[in-house]
Each structure stands twice: as C-alpha cells, then as structure tokens.
Amino acid sequence: MRTPALAAALADVDTVFNGFASPTETGCERCFTPEETACLRTPYTRLPPGLLSRFLRKAPDHFDDHAAVMRRLLPQTAHAMADGALDAVGWAPHGLGRVDWRAWPAEQASAVEAFVLAWWQDVLAAPEPPYPAEDVFETCASILRTTTPLLEQWPAGPAADAHLVDCARAWLYDLVDDEWPLTWWTPEDKAAGVAELRSWLARHAPERLRARGEKDLAIRARLVGLPYDERRHDPYWTSPSATS
C-alpha cells in the first residue's frame with residue numbers, strides 16, 4: 001500500500017508531465033524498431049514494461065534528445081518504479097540519473113525530486129517492498145547525485161531497521177576498505193559518497209544493528225567511522241572476544 005506522500009508525488013508527476021512527447025526523435029535503429037521509437041513521438045501511449053526498461057537503460061546514448069525522452073516516459077516510469085514493474089532498478093543505469101533534470105523548469109524538477117524522496121520513504125516503510133532497499137537506494141542516489149537526503153530521511157523503526165541490516169550487509173565489506181559499494185557513479189561522486197556513507201553508518205547504524213541481533217555488522221559500522229589505519233588495526237580483526 002502506497003504512503004500518502006508517494007501517492008501525492010505520483011499524482012504530481014502525472015499532472016506536470018502529462019502529454020509530453022519527443023516529436024523529432026529518431027532513436028537508434030540498431031537498438032529499436034521504427035515502431036518502438038515512434039512511441040516516444042506519440043504522447044499518452046503506454047509502453048510495454050520491457051520496452052520502457054530498455055528505453056531507460058539505453059538513454060542517453062541512443063537518443064537525439066535525452067531530456068525530451070525522459071519527460072515523455074516519466075509518468076509511466078514513476079508508476080513502474082513504485083509498483084516494481086521495471087527490471088532497471090539498482091543494478092543498471094537509470095535514464096533519470098543521466099539527464100540534468102535539475103536544470104528543467106522548477107515545477108518539473110520539484111516533481112522529480114519529490115517523487116524520488118517519497119518512493120524511498122515508501123520503501124523504508126514497507127516490510128516487503130517490490131525491490132530490495134539497497135537497490136532502491138542506489139537508484140535514488142544515482143538520480144539525485146547525492147546520498148544526503150536519503151540518509152537524512154532514514155527513520156528508526158522495525159521495517160526501516162530491517163532494511164538497514166540488508167543495506168549494511170551489502171555495503172560494509174566495501175566501506176571497511178574505503179571502496180564504493182554502489183555502481184554507475186563518477187569518481188568525484190564516489191569519493192564524496194564513500195565519506196558520507198561511512199560517517200552516517202558510524203553515527204547511526206551500530207545501535208540499530210545491535211538491536212536487530214547483528215553484532216558483527218554493528219562493529220563494522222563502528223569501524224568505518226575510524227581513520228583507515230585505526231580501523232585495520234582494531235582488535236576486532238584478531239580477537240574473537242572483540243565481537244562479543
């Protein structure tokens with residue numbers, strides 16, 4: 001069941017991007033048939049889920065006007081993301097993460113940002129969301145080009161803390177070595193993202209992970225907040241009693 005915030009954000013996307021099209025788009029004939037590309041030039045037409053995912057994965061490399069394509073696809077894309085109907089979440093680059101949507105008119109940029117944040121909150125509130133939280137986090141962060149609002153809006157609670165366990169399990173083994181646990185980011189984004197994830201996990205995750213019975217993950221979350229040399233020489237690595 002969608003949260004009221006997500007329902008409102010989806011309704012806003014539907015309104016703001018209603019009837020958009022990419023009227024001169026020719027696309028890549030090696031990747032899409034003329035009939036498939038014609039959908040981008042035609043407003044209101046719904047795309048099969050598989051084609052929608054292909055369009056999102058291929059952008060911006062195969063379209064003349066990537067921004068226009070994203071505006072055309074946004075209403076159906078946003079609903080598909082919320083419903084779990086895309087196969088391009090988490091593990092593949094998302095078209096919205098590869099377009100400068102913040103440079104769009106204010107109403108459009110606000111609608112995109114509000115939807116992304118509402119979707120993340122909806123996932124955190126759901127015990128069994130359509131996609132794993134770590135995949136949604138990666139997609140949202142790649143669209144926003146920052147992890148800050150996602151981390152700031154990660155409340156404590158049974159469902160949100162269960163998702164924290166899954167994310168910590170996916171991230172900490174890389175972060176302990178100052179490696180970036182996500183994908184599809186530029187080197188500049190990765191450097192800032194590693195520092196922010198390490199800092200946030202060290203401050204907020206240990207107690208919540210211990211409360212879920214995840215002592216080892218809680219220790220690793222504490223360790224990533226230390227300078228690298230202190231982290232690697234911590235007794236945790238050599239003393240079994242350090243994990244108790």
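The values are calculated or read from the model by the stated rules, or taken from the named source; none is laboratory data. The shown structure was predicted, so the numbers you read here are calculated from the model rather than taken from an experiment. Heads up, the Cβs are rebuilt from the backbone with ideal geometry, glycines too, and the neighbour counts pull from every protein chain shown. Surface accessibility is based on the protein's heavy atoms, side chains included, excluding ligands, DNA and RNA. Shrake-Rupley method; radii C 1.70, N 1.55, O 1.52, S 1.80 Å.
Residues of region 181-214 that are touching a helix residue (DSSP H, G or I) at 6+ places or on another chain (Cβ under 9 Å), over 14 Å from CYS167 (Cβ atoms) and modelled with pLDDT under 95: THR183, TRP184, TRP185, ASP189, VAL194.
Test ALA202 against the stated conditions and say whether it is among the small types (Gly, Ala, Ser) and over 30 Å from THR77 (Cα atoms). Yes; evaluated as a whole, the condition is true for this residue. Listed by first and then second residue, the pairs with beta-carbon distance under 9 Å, at least 6 apart or on different chains, first residue in region 67-84 and buried (at least 23 other Cβ atoms within 10 Å of the Cβ), second hydroxyl-bearing (Ser, Thr, Tyr) and in a helix (DSSP H, G or I), are MET70/THR77; MET81/THR139. Is one or more of the residues making up region 227-241 under 25 Å from PRO155 (Cβ atoms), in a helix (DSSP H, G or I), open to solvent by less than 60 Å² (accessible area, probe 1.4 Å) and of a type outside the set (Gly, Ala, Ser)? No; the residues of region 227-241 include none that is under 25 Å from PRO155 (Cβ atoms), in a helix (DSSP H, G or I), open to solvent by less than 60 Å² (accessible area, probe 1.4 Å) and of a type outside the set (Gly, Ala, Ser).
Annotation: of all residues in region 22-63 being closer than 22 Å to ALA85 by Cβ, among the charged types (D, E, K, R) and more than 26 Å from the chain's Cα centre (by Cα), the one that is least open to solvent (accessible area, probe 1.4 Å) is GLU36.
Just for region 188-211: of the residues that are without any contact (Cβ under 8 Å) to a residue 24 or more places away in the chain and closer than 19 Å to PRO158 by Cα, which one is least open to solvent (accessible area, probe 1.4 Å)? Looking at the filtered set, the residue picked out is PRO206.
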